[in-house]
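Asks: Structure provided below as C-alpha cells; questions to follow.
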Amino acid sequence: MAEKIAKVAADAGVPYIFKASYDKANRSSIKAFRGPGLKEGLRILGKIKSELKLPILTDIHEVSQAKPAAEVCDVLQIPAHVHFNLWGAGYPVQWTEELRFEGDSYLTEAMKSESEARGKFATIRPVSRDKDGIYHCEINLRLQEKSNYPGH
C-alpha cells in the first residue's frame, strides 16, 4: 500500500508522509484486531522507511513509547482520545476507551444494545447544539495521570 500511494504522490508532485499505527486503540469494535504491537509495528514501519525512503508518522499511547518510536519515525502524534476509568457508588470500576453520543452516525444498533447492557457508565450521552452549530455534552470526569485499574 505504501509503495502505491508513494507513487501516486510522486506522480502528482506532492510530498507524502506514510502514516500507520502499531496499536489502534480507537478502532470501531473492541473485538477488532488492535495491531501488531510496538516492537513488531516499529520493525514494519522501519522497513517501509528504509525500502521506500519515506518519512514515517505514527501515534504513541504512552510516554515509554516515545523514545523507541522516535528512533524509527519522523513524526510522532498523540491520539485525540482518552481512556477512562468509570466508577460510582454501588458500581464496579469499568474501563472504557470510548464515550458514545446521541446522533453519532457510526453508532450501530449493536453498539446501542451493548451500551444498555453495560449500565450506568456506558450510557449514550445526550448532545445539544447551540445557535452557532457547536455541539455540547455534559460529562463529569475526574482525570488522573495514571490509571489504578488493574491491567491499565
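Values quoted throughout were computed directly from the atomic coordinates according to the rules given, and no laboratory measurement underlies them. Quick caveat, the model's predicted, so the values are computed rather than measured. Positions of Cβ are generated from backbone atoms using ideal geometry, with glycine treated the same way; all protein chains shown enter the neighbour counts.
Asks: Mind checking which aspartates and glutamates have their Cα closer than 19 Å to the Cα of Lys31? Skip sequence neighbours fewer than 8 apart in that chain.
Replies: Asp23, Glu97, Glu98, Glu109, Glu114, Glu116
Asks: When the chain is fully extended, how far beyond the present Cα-Cα distance does Ser113 get from Ala66, taking 0.36 nm per residue of separation?
Replies: Going from the current span to full extension adds 13.2 nm.
Asks: Students often check this: by mean Cβ neighbours within 10 Å, which of 38-49, 101-112 ranks highest, and how do the rest follow?
Replies: Ranked by mean Cβ neighbours within 10 Å, highest first: 38-49, 101-112.
Asks: Under a cut-off of 22 Å between alpha-carbon atoms, report the lysines in cross-link reach of Lys49, not counting same-chain residues fewer than 8 places apart.
Replies: The reachable lysines, counting only those whose Cα sits under 22 Å from Lys49, are Lys4, Lys7, Lys19, Lys24, Lys39, Lys67.
Asks: Place the peptides 52-65, 9-22 in order of packing, highest mean first, counting for every residue the other Cβ atoms within 10 Å and averaging per peptide.
Replies: Final packing ranking: 52-65, 9-22.
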